[in-house]
Amino acid sequence: MSTAETHIEDWLQLIRAEYLEIPGLCLTKPQVERLWGLDAVTSEALLAALVDVNFLRRTAKDAYVRDDGA
């Protein structure tokens, strides 16, 4: 695994942990960027990856919440 892949996996793990630790966490993309100091491209890629694996879902108000299968 390359250094870049490790870095991405670290971010994915951190974001997953925060959403698991804080029930009901609901963040917009700009909030994600501010909270973790991410640039727009990186945050978009991380959020898209978490949506793709059905960990997060995007709400009608463009916020990201845990996808609990509801």
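The values are calculated or read from the model by the stated rules, or taken from the named source; none is laboratory data. Just so it is clear, the structure is predicted and the values come from calculations on it, not from any experiment. So basically every Cβ, Gly included, is an ideal-geometry build from the backbone, and we count neighbours across all protein chains shown. The area values use the complete protein model at the heavy-atom level, side chains included, leaving out ligands, DNA and RNA. Shrake-Rupley method; radii C 1.70, N 1.55, O 1.52, S 1.80 Å.
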TODO: Over the chain, with every protein chain in place, what whole percent of the accessible area is carbon and sulfur at 1.4 Å, could you tell me?
DONE: 55 percent
TODO: Could you point to the label whose value was computed as mean projected area of the Cα convex hull in nm² for the structure here, given (1) 4.2; (2) 5.7; (3) 4.8?
DONE: (3)
Task: 222 nm mean residue ellipticity, helices alone, for the chain (DSSP H n ≥ 4; -39,500 (n - 2.57); rounded to 500) - done: -18000 deg cm²/dmol
- [ ] Please give the per residue accessible area of the chain, computed with a probe of 1.4 Å over protein heavy atoms only, in Å².
- [x] 67 Å²
Open item on the list: Please give the charge dipole size of the chain, origin at the Cα centre, charges +1 on K and R Cβ atoms and -1 on D and E Cβ atoms. Round to the nearest 20 debye.
Closed with: 300 debye
TODO: Taking only Cα atoms and a 10 Å spring cutoff, compute GNM fluctuations for the chain and point out the largest among 21, 33, 44.
DONE: 21
Task: Residue among 26, 45, 12 farthest towards the positive dipole end of the chain, charges placed on Cβ - done: 26
- [ ] Note down the relative contact order for the chain as a percent, whole number, built from C-alpha pairs under 8 angstrom at least six residues apart.
- [x] 31 percent
